[in-house]
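Reviewing the structure listed below.
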Amino acid sequence: MEYGDAIIRRLRDRLLRYRSDTRMGGRKRPWHQVALDIADAESVPRSFYDREDDFAVLGEALRRFAAGTQVLSRERLDATTSFLKEKGYVTDADLQQVEAPVQVLHGLAAFFGNGSLPDPQGLCGDYLAVRHAPGGRNEYRLLTIALNGSGALEAEEVTHVTTARTHTRHPVELRRFFKVASTAMTRCDGWAVALAGGQALILVRDRLSGAGALRTLFPADDSDEQGSARALHILEHGPFAPPRGMIRLGGDAKGEPALPELVAAWAQWNSWRFERQEPVR
């Protein structure tokens, strides 16, 4: 298989999750132990174990890979991927190489005047948005934004729907909650086109159905000491329809909401605020 930028990011993320989830003595698993776990896995060829005779060296390579300062050799990537699949941290869907709609992105960039974001690196990271809807439906959206090899922004969004609620925002605790409580899950890939005013248009595609959508992204006003956005606002584009519970246009009911009220309600319902999550290291 080919290891594109998005797949490498997922492998790094899942490797960090494994290390954090499998603590030893209350501390994150040592990297040399992670290396031994990989080499000793049933899904990894015995020949890999025989060649990797120094697990401290392999552990250091894994640490640098997870930190984003080094890419593993093809053999080590294959072994790490097999191990993470065996442990349930990646699936076949996670390893699919998603091709960006390059021509569409270039056309939109030209149409909007090849805008630029003030600090694309400051947008990168993991974010969480939560919505508690009527009827006991709870929706949790996990958004990851990163720069690809050409310096353009790419996004990955995973949505979990549950009937249970949680107040935690910790990534590890959330993953445990979703394993138990999630009743539906969707995964989307996205590509950003910079607009004027520090905003971006995101082309989103559902990984399973292939359905496409458009969203507008703009950072919240606040940022941390390093200039990274603490939160993002995302507006979903789509057919106009009053949110559930509001009277539709054309009705005869007395006191029907005016058009500005309906538009404001629609915009509020289709807007999401994503709060930055603390990285797991």
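Laboratory data are not the source of any read-out in this text; all were calculated from the coordinates shown. The structure displayed is predicted, hence computed values, not measured ones. Note: ideal-geometry Cβ built from the backbone for every residue, glycine included; neighbour counts use all protein chains shown.
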Requested in this report: Quickly rank 39-49, 80-90 as a protection proxy: mean count of other C-beta atoms within 10 Å, highest first.
Outcome: 80-90, 39-49
Query - Helix-only CD estimate at 222 nm, as mean residue ellipticity for the chain, using -39500 (n - 2.57) per DSSP H run (n ≥ 4) - result: -10000 deg cm²/dmol
Requested in this report: Report the charge-dipole magnitude of the chain in Debye, nearest 20, computed about the Cα centre from +1 at each Lys and Arg Cβ and -1 at each Asp and Glu Cβ.
Outcome: 780 debye
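In whole Å, what three semi-axes, largest first, describe the equivalent ellipsoid of region 102-276 built from its Cα gyration tensor (square root of 5 times each eigenvalue)? Numbers along the way, then the final one.
Values: eigenvalues 155, 111, 52 Å².
With the √(5λ) rule applied to region 102-276, the semi-axes are 28, 24, 16 Å.
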Report summary line: Here the gain from full extension of D78 to R131, 0.36 nm per residue of separation minus their alpha-carbon distance, amounts to 15.3 nm
Report summary line: Note: probe point = Cα of A164 + 7 Å toward Cβ; backbone nitrogen < 11 Å; residues of region 173-195 passing the test are 176-183
Requested in this report: Could you calculate the contour length gain from T69 to E261, that is, 0.36 nm times the residue separation minus the distance between their Cα atoms, to one decimal place in nm?
Outcome: 64.1 nm
Query raised in the report: What order, most packed first, do the peptides 149-160, 168-179 have when packing is the mean number of other Cβ atoms within 10 Å of each residue?
Result: 149-160, 168-179
Query raised in the report: Put a dot 7 Å past each Cα toward the Cβ at F112 and E275; how far apart are the dots in nm?
Result: 2.8 nm
Query raised in the report: Fully extended, how many nm does the chain gain between S182 and C124 (0.36 nm per residue separation, minus their Cα-Cα distance)?
Result: 18.3 nm
